[in-house]
1. Which of (1) closer than 17 Å to Tyr83 by Cβ; (2) in contact (Cβ under 8 Å) with a residue 60 or more places away in the chain is the odd one out, the single condition Leu44 does not satisfy?
2. What's the number of the only condition in (1) farther than 25 Å from Tyr93 by Cα; (2) open to solvent by 40 Å² or more (accessible area, probe 1.4 Å) that Leu208 fails to meet?
3. Please verify whether Ala116 is open to solvent by less than 10 Å² (accessible area, probe 1.4 Å) and among the hydrophobic types (A, V, I, L, M, F, W, C), treating the condition exactly as stated.
4. Which is surrounded by fewer than 19 Cβ atoms within 10 Å (Cβ to Cβ), at pLDDT 95 or above and charged (D, E, K, R), of Arg51, Arg28, Arg64, Arg34?
5. Does segment 91-107 hold any residues that are in a helix (DSSP H, G or I) and open to solvent by less than 60 Å² (accessible area, probe 1.4 Å), and which are they?
6. Would you check which residues across segment 174-205 are open to solvent by 50 Å² or more (accessible area, probe 1.4 Å) and either touching a Cys at 6+ places or on another chain (Cβ under 9 Å) or of a type in the set (Ser, Thr, Tyr) (or both) and list them?
7. Are there strands (runs of 3 or more DSSP E) fully within segment 1-85 with at least 1 residues that are more than 24 Å from Ala132 (Cα to Cα)? List them.
Amino acid sequence: MTRQSRHIPFERLHNFRDLGGYPTEDGRSVRWGRLYRSDSLAELSGDDWERFLGLGIGTVVDLRYPWEIEARGRVPEDASFAYHNLSIEHRPYDQPSLGPEVEVGPFLAERYLEVADDGVAELRQALGVIAAADGPVVFHCASGKDRTGLLAALVLLLLGVSEADAVEDFALTELATGRLLADWRAAHGDREPTWPGYGRAPAEVMTLFLAALARRHGSVRDYAANALGVDEALTEALRERLLTPAGAEGAEPEAGTGGAGEAGPARGGAAGTLGTAGSGETRTEAAGRA
């Protein structure tokens, strides 16, 4: 599958991707059409909404702060999916207003480490929700880059995907950077963000973060086990849900479909639910979160 075709096209979503197809260390692969990552789903309407519903998604995990949801909206309610708000970040910051001297890689890697330290309860909950879901799952933040990228890397590595593939997946947001910037400019009177790194997702960010996490905890799996309380049962549940059976090869979807051909639960299934979210941190500009 090409880098471009992993992105599923929407008119108002810019960073919606299927996490399927990545090979694992035991010879299996991540199933297509089971786990998606995205930017904010609040923009869904019209044809975009129908396309989203057509993916058969049964669970939405919103990683944003409650105040972001209040200010910018959430995915429209529908009986076909459950909704969980799990705010994994506890120290807000305003990316567009950073100075041009701030280096993208080291700065964002340090913010991710803060999330890994502060958001252990919510990250553990998110992994549990993904493992227990009956149908396809999508998790998202604002731009589908930072908070979403951290959780995506964690899931992929727990599944046995290589670090190189997890880093490459993170960097695919670079294909959406132009549209994310265009949205920010449109919402701010055509101004430019003062930080040239806004909307960027260079591989260096995830590489530095994973290396720092390994230095602190021994490995990403040790972090998950010792800091998040992820036991072997949860890891196996994730693998059972999200990986192809041993010896089987997952069929590659047609370009641009992102594996949507695998049917999820029919509409009218589980009622939407609202999970708990992060604490009442000081607000920053909602538009400045990624």
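1. Result: Leu44 fails condition (2) only.
2. For Leu208, the failing item is (1).
3. Numbers: open to solvent by less than 10 Å² (accessible area, probe 1.4 Å): yes; among the hydrophobic types (A, V, I, L, M, F, W, C): yes.
Here the answer is yes, as Ala116 does meet what is asked.
4. Details: Arg28 fails: surrounded by fewer than 19 Cβ atoms within 10 Å (Cβ to Cβ); Arg64 fails: surrounded by fewer than 19 Cβ atoms within 10 Å (Cβ to Cβ); Arg34 fails: surrounded by fewer than 19 Cβ atoms within 10 Å (Cβ to Cβ).
None of the others qualify; the one that does is Arg51.
5. Taking segment 91-107 as the starting set, the residues that turn out to be in a helix (DSSP H, G or I) are 95-97, 104-107.
Listed by number, the residues that qualify are Gln95, Pro96, Val104, Gly105, Phe107.
6. Once the filter is applied, which keeps residues that are open to solvent by 50 Å² or more (accessible area, probe 1.4 Å) and either touching a Cys at 6+ places or on another chain (Cβ under 9 Å) or of a type in the set (Ser, Thr, Tyr) (or both), segment 174-205 yields only Thr194.
7. Working: elements: 35-38, 59-62, 82-85.
Where strands (runs of 3 or more DSSP E) fall fully within segment 1-85, none carries at least 1 residues being more than 24 Å from Ala132 (Cα to Cα).
The values are calculated or read from the model by the stated rules, or taken from the named source; none is laboratory data. Because the structure is a prediction, the values reported are computed rather than measured. Note: ideal-geometry Cβ built from the backbone for every residue, glycine included; neighbour counts use all protein chains shown. Surface accessibility is based on the protein's heavy atoms, side chains included, excluding ligands, DNA and RNA. Shrake-Rupley method; radii C 1.70, N 1.55, O 1.52, S 1.80 Å.
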